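K.L.:
Before I ask anything, here is the structure I am working with.
The values are calculated or read from the model by the stated rules, or taken from the named source; none is laboratory data. Source: prediction; values computed, not measured. Cβ placement follows ideal geometry from the backbone for every residue including glycine, while neighbour counts extend to all protein chains displayed.
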């Protein structure tokens, strides 16, 4: 192999540390992390090599590196790390660094993920909405029966939120494309089965098959699945709303009976989003001792989704209970939350929708994934099968230990 | 002294179950004629001890045979001042290792009673050897951190100290540091050197006399009476000393030999140069004075390398971590790259390593440095293979620091050795002698540090594999040298960091005051600490064959003008190697003599039927191994009678002849492993015994006996589980021969 000149970058190391990877330097490179990890491919496994790159400040190594995104942050590595280097958290911090590399403008990533700017981040969309509402609706407590469109009519909602969503998703997709190109270049991959790999990724996503291979934080797959499906349900409910209002021109579909599909999806979504975020939080507290509580970067989207779920449900509840003084302010909070979600989507941890999706697809696209067998099928590796099976057997013995515990 | 022997049998610890104790009375009183015989259920209990003490006072018993456990147990209990005490070990050697209540077991136990009484009859009370006057002061050679700590340790304990330092100032290498490693918990941050305070304490101490710009010219005499001459500031001075601590330190390995690491490039410096640069201010590089913001440290520069220093100096990793710390302290934007083979941070310094790892600007990687080459702008590329990435990498640095190892100042380089030999030969020629070009030149004979006036050479002998360090061959007694009264401390003994040197210096300083006290009171130091016997020579019969002077491991026997040997007693460690070496058998101890052992063979019961084998057992290693076998209740062949000796170096061929002519079928010698690197307490007694056995054929030929009847077995203390097989194998060999025909006489 040709000698490569490495250029340690102190600022990159400091950046990772500041982003929540403060344990990064504790790593003494024993590779326990790569051995206990259930989701890593066998070839060039992570997270050990990423730990070294990050420790040394080899910023360019992360250019087009899919592995930090293959990591689901199960934190098995963190739980078993003998030196408390928390590879799970460090990879999370590195992911934050790569988000700023691909989602432009990158400075927004630091803004969104900085605790200090949190009030500002909510005040900005709040002012925006207040301006729009006072121009088109009634910024106050409207009289009579509680109907949210009295507060903010349908049309401005559609305009503001569609634009925000287009901005968020657009930035995300652009970043994803850049990332994809970088992955191809960094890994020397020129062609592959794009359709098949995306289908494969989506199939995995629907069942969260990969996430369930996690060990220490197995429960996180469930909570994530709940939130994931709640978004789908709420998305369907919103789509139905659009269908009723804009296409069928029906009036206020939200006042339909509880047996109609829009209500069913809405309510199921509300319940699952609250249950999911609640589980996410409790899991993190439960595992904090083993794997750490997580950084602001991790908590930001959980909190945001929690606020959206709770405010949405309370808005509905107070409306039904006819408590106008509460219902409208809560509804306003809900709107601010959803707007923040859309606007900050590609800059917060939620950008993983784009980048993890891309990385998981790329892993199949490049053919690396085929090397991994589903955990259920791994049997004792044949003797002398080389380094790959050596890695497998190490991983297995790691699992064995865990089972004994 | 008129002896009155009392035999006391203990029945405890399983002895009563294994043998018929009642039958011992006849052996002790009738056969061996001991006037007092008593048994007790637990002899070491207060009641049991009172029984003996009562007889000492009431009956006038003054020679006591404690027939109980191993002499290695209950030493304190079975000490009776003014009385000869012999221990017959029937607990470990009989009760715990034999089938209970068999004829063989009973015969074995009865033999141990005989041997115990026999020894007691031969032994006398020691009369300590005392110098006319004992000098209680300590000479410390070397004024670095180790030497100063030694000096302070001895001086604070109330002993006068003379501290001799070659340079014009105290402090040594520790005085050249910009910063020092953390000295105490939590071992996290580097410190401002504290050496100044130590120097102040030394120079202001009223019990320490400091000689700077001075070297030792000659040390003659013995512990407690050394005559020291030093050359000081052009003049010379003489004084007396009781003990010596050698803390003459180390020098850095010559980086000039590390051409493959770019040592000729001005921007490739050593860790000692780094301290100088740092002391001057910013970290700049020599070539252009530019500030170095990327400093690469190459660990094991010439260390753990067969072509340079084959060993680890144990301080270099820590020094680089320390230097990385101040590189970062001086400029927070600077980076330090530490390129290591293995990170070695002994002891609590793991904590320092951890704290340095946490610094984002310290990059650490394992790997093998394959070369240093020039990069644009006066920078350097360090190439590395087998890095942690598994790739060959190249890293650019402004400055490269070679973490070189320690060379003890006792080590003489080949070139120096040749130079010295040339001078020596010239001198020899001038005095009319003929130089022998083939004469081997041993580094320790080159005078440079202690200049001892000893027959066996002017410097401390260095172990074969100690790379010139004056390390002890005792694992547990690291300050011991093979010159009694001379202790070594610090990095001349073993490579170590400053904290280690402080501990070492203190230890050696305290050992120095221990020996002056021991000498004053006429007892031996390690390993026969508290022994007041010493070798007594019947000079009238001495033939001046000089074997004893050659073989004494401690240079304790010198020769007068006529070539007659005499002991320099306070150098002696009472091993008894001289006793074994003497063909005229004129060297004996009060409680251990040629005749005593020979008498044992006479007093032993040797029946016409049944095999009898005697085993001479080294008391330091083989005897504890036998005890260990007993603790583990390992069965041992009942044909063996174990006889402890001070060292296998005691073996005198007279014993072989005496034993076998009494009808004993075989003799096995259990001793240490050969070679001076094994921690034989007396250096190589076992090997000497083996040499003497080379002539056993001659002795046994006269008796018409097979030389295979005598065998030496090398074992170490942990081989206790292999002992039964070793013994059985020898018993089988003896079995195959005819019984010893002398049984019938």
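K.L.:
Could you tell me which residue of segment A:193-211 is modelled with the lowest pLDDT, considering only residues that are crowded, with 19+ Cβ neighbours inside 10 Å and not in a loop (DSSP other than H, G, I, E, B)?
P.N.:
Selected residue: A:211.
K.L.:
For segment B:281-299, enumerate the residues that are touching a helix residue (DSSP H, G or I) at 6+ places or on another chain (Cβ under 7 Å) and either touching a residue at least 12 places away in the same chain (Cβ under 8 Å) or within 14 Å of another protein chain (Cβ to nearest Cβ) (or both).
P.N.:
Matches in segment B:281-299: B:282, B:283, B:287, B:288, B:295, B:297, B:298, B:299.
K.L.:
Tally up the residues in segment B:372-386 that are on the phi > 0 side of the Ramachandran plot and in contact with a strand residue (DSSP E or B) (Cβ under 9 Å, 6 or more places away or on another chain), please.
P.N.:
Restricting attention to segment B:372-386, the residues satisfying the condition of being on the phi > 0 side of the Ramachandran plot are B:377-378, B:386.
Retained after the next criterion (residues that are in contact with a strand residue (DSSP E or B) (Cβ under 9 Å, 6 or more places away or on another chain)): B:386.
Selection size over segment B:372-386: 1.
K.L.:
Of the residues B:117, B:140, B:202, which single one is modelled with pLDDT of 95 or more and not in a helix (DSSP H, G or I)?
P.N.:
Numbers: B:117 fails: not in a helix (DSSP H, G or I); B:202 fails: not in a helix (DSSP H, G or I).
Testing whether each residue is modelled with pLDDT of 95 or more and not in a helix (DSSP H, G or I) leaves just B:140.
K.L.:
Hey, another quick one. Would you confirm, using the coordinates I've provided, whether residue B:95 is free of Cβ contacts under 8 Å to residues at least 40 places away in the same chain and either surrounded by 23 or more Cβ atoms within 10 Å (Cβ to Cβ) or touching a helix residue (DSSP H, G or I) at 6+ places or on another chain (Cβ under 9 Å) (or both)?
P.N.:
Details: free of Cβ contacts under 8 Å to residues at least 40 places away in the same chain: no; either surrounded by 23 or more Cβ atoms within 10 Å (Cβ to Cβ) or touching a helix residue (DSSP H, G or I) at 6+ places or on another chain (Cβ under 9 Å) (or both): yes.
So residue B:95 does not fit the description; no.
K.L.:
For segment B:378-387, how many residues meet the condition of being more than 7 Å from every other protein chain (Cβ to nearest Cβ) and assigned to a strand (DSSP E or B)?
P.N.:
Here is the first cut: in segment B:378-387, the residues more than 7 Å from every other protein chain (Cβ to nearest Cβ) are B:378-382, B:384-387.
Filter once more, keeping what is assigned to a strand (DSSP E or B): B:380-382, B:384-385.
Going through segment B:378-387 one residue at a time, the tally reaches 5.
K.L.:
Restricting to segment B:36-59, name every residue that is surrounded by fewer than 16 Cβ atoms within 10 Å (Cβ to Cβ), in contact with a strand residue (DSSP E or B) (Cβ under 9 Å, 6 or more places away or on another chain) and part of a loop (DSSP other than H, G, I, E, B).
P.N.:
Scanning segment B:36-59 gives B:41, B:42, B:59.
K.L.:
Can you tell which of B:159, B:185 is in a loop (DSSP other than H, G, I, E, B), surrounded by fewer than 18 Cβ atoms within 10 Å (Cβ to Cβ) and outside the structural domain of residue B:359 (by TED's automatic domain parsing)? Outline the logic, then answer.
P.N.:
Working: B:159 fails: surrounded by fewer than 18 Cβ atoms within 10 Å (Cβ to Cβ).
Exactly one residue qualifies, and that residue is B:185.
K.L.:
Being touching a strand residue (DSSP E or B) at 6+ places or on another chain (Cβ under 9 Å), under 19 Å from residue B:491 (Cα atoms) and away from chain A (no Cβ under 12 Å) is the requirement here; does residue B:318 meet it? Steps first, answer last, please.
P.N.:
Working: touching a strand residue (DSSP E or B) at 6+ places or on another chain (Cβ under 9 Å): no; under 19 Å from residue B:491 (Cα atoms): yes; away from chain A (no Cβ under 12 Å): yes.
For residue B:318, the condition - touching a strand residue (DSSP E or B) at 6+ places or on another chain (Cβ under 9 Å), under 19 Å from residue B:491 (Cα atoms) and away from chain A (no Cβ under 12 Å) - is not met.
K.L.:
Please count how many residues of segment A:283-295 are in contact with a helix residue (DSSP H, G or I) (Cβ under 9 Å, 6 or more places away or on another chain), surrounded by fewer than 17 Cβ atoms within 10 Å (Cβ to Cβ) and within 26 Å of residue A:109 (Cα to Cα).
P.N.:
Applying the first criterion (in contact with a helix residue (DSSP H, G or I) (Cβ under 9 Å, 6 or more places away or on another chain)) to segment A:283-295 yields A:283-284, A:286-287, A:290-295.
Filter again for surrounded by fewer than 17 Cβ atoms within 10 Å (Cβ to Cβ), leaving A:286, A:290, A:293.
Filter once more, so that each one left must be within 26 Å of residue A:109 (Cα to Cα): A:293.
Counting residues in segment A:283-295 that are in contact with a helix residue (DSSP H, G or I) (Cβ under 9 Å, 6 or more places away or on another chain), surrounded by fewer than 17 Cβ atoms within 10 Å (Cβ to Cβ) and within 26 Å of residue A:109 (Cα to Cα) gives 1.
K.L.:
Could you check, for segment A:70-92, whether at least one of its residues is under 13 Å from residue A:12 (Cα atoms) and within 14 Å of chain B (Cβ to nearest Cβ)?
P.N.:
So in segment A:70-92, the residues under 13 Å from residue A:12 (Cα atoms) come out as A:90.
The next check asks that each one be within 14 Å of chain B (Cβ to nearest Cβ); those that pass are A:90.
Yes, there is a match, as at least one residue in segment A:70-92 is under 13 Å from residue A:12 (Cα atoms) and within 14 Å of chain B (Cβ to nearest Cβ).
K.L.:
For segment B:345-366, name all the residues that are away from chain A (no Cβ under 11 Å) and either buried (at least 19 other Cβ atoms within 10 Å of the Cβ) or within 18 Å of residue B:298 (Cβ to Cβ) (or both).
P.N.:
The initial filter retains those residues of segment B:345-366 that are away from chain A (no Cβ under 11 Å), namely B:345-349, B:351-352.
Once the filter is applied, which keeps residues that are away from chain A (no Cβ under 11 Å) and either buried (at least 19 other Cβ atoms within 10 Å of the Cβ) or within 18 Å of residue B:298 (Cβ to Cβ) (or both), segment B:345-366 yields B:345, B:349, B:352.
K.L.:
For residues in segment B:367-381 being under 43 Å from the mean Cα position of the chain (by Cα) and crowded, with 19+ Cβ neighbours inside 10 Å, which is farthest from residue A:30 (Cα to Cα)? Let's see the steps before the verdict.
P.N.:
Filtering segment B:367-381 for residues under 43 Å from the mean Cα position of the chain (by Cα) gives B:367-372.
Narrowing the set further to residues that are crowded, with 19+ Cβ neighbours inside 10 Å leaves B:367, B:369, B:372.
Numbers: B:367: 14, B:369: 21, B:372: 27 Å.
Only one residue fits best here, namely B:372.
K.L.:
Hey, among the residues in segment B:388-401 that are surrounded by fewer than 20 Cβ atoms within 10 Å (Cβ to Cβ) and part of a loop (DSSP other than H, G, I, E, B), which one's farthest from the other protein chains (Cβ to nearest Cβ)? So that I can check it myself, show each step before the final result.
P.N.:
First, the residues of segment B:388-401 that are surrounded by fewer than 20 Cβ atoms within 10 Å (Cβ to Cβ): B:390-392, B:394, B:396.
Checking the rest, the ones that are also part of a loop (DSSP other than H, G, I, E, B) come to B:390-392.
Values: B:390: 9, B:391: 6, B:392: 5 Å.
Step by step, filter segment B:388-401, then rank; the result is B:390.
K.L.:
So residue B:411 clears everything in (1) within 14 Å of chain A (Cβ to nearest Cβ); (2) in a loop (DSSP other than H, G, I, E, B) except one condition, right? Which one?
P.N.:
Every listed condition holds for residue B:411 apart from (1).
One line per residue, one yes/no per condition, for (1) closer than 30 Å to residue B:190 by Cβ; (2) more than 18 Å from the chain's Cα centre (by Cα):
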site	(1), (2)
B:466	no, no
B:469	yes, no
B:477	no, no
B:485	no, no
B:497	yes, yes
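K.L.:
If I filter segment B:333-344 down to residues being within 9 Å of chain A (Cβ to nearest Cβ) and under 18 Å from residue A:8 (Cα atoms), which single residue comes out as surrounded by the fewest Cβ atoms within 10 Å (Cβ to Cβ)?
P.N.:
In the first step, residues of segment B:333-344 are kept if they are within 9 Å of chain A (Cβ to nearest Cβ); the result is B:333-335, B:337, B:343.
This time we only want the ones that are under 18 Å from residue A:8 (Cα atoms), so: B:333-335, B:337.
Working: B:333: 9, B:334: 21, B:335: 25, B:337: 25.
Here the answer is B:333.
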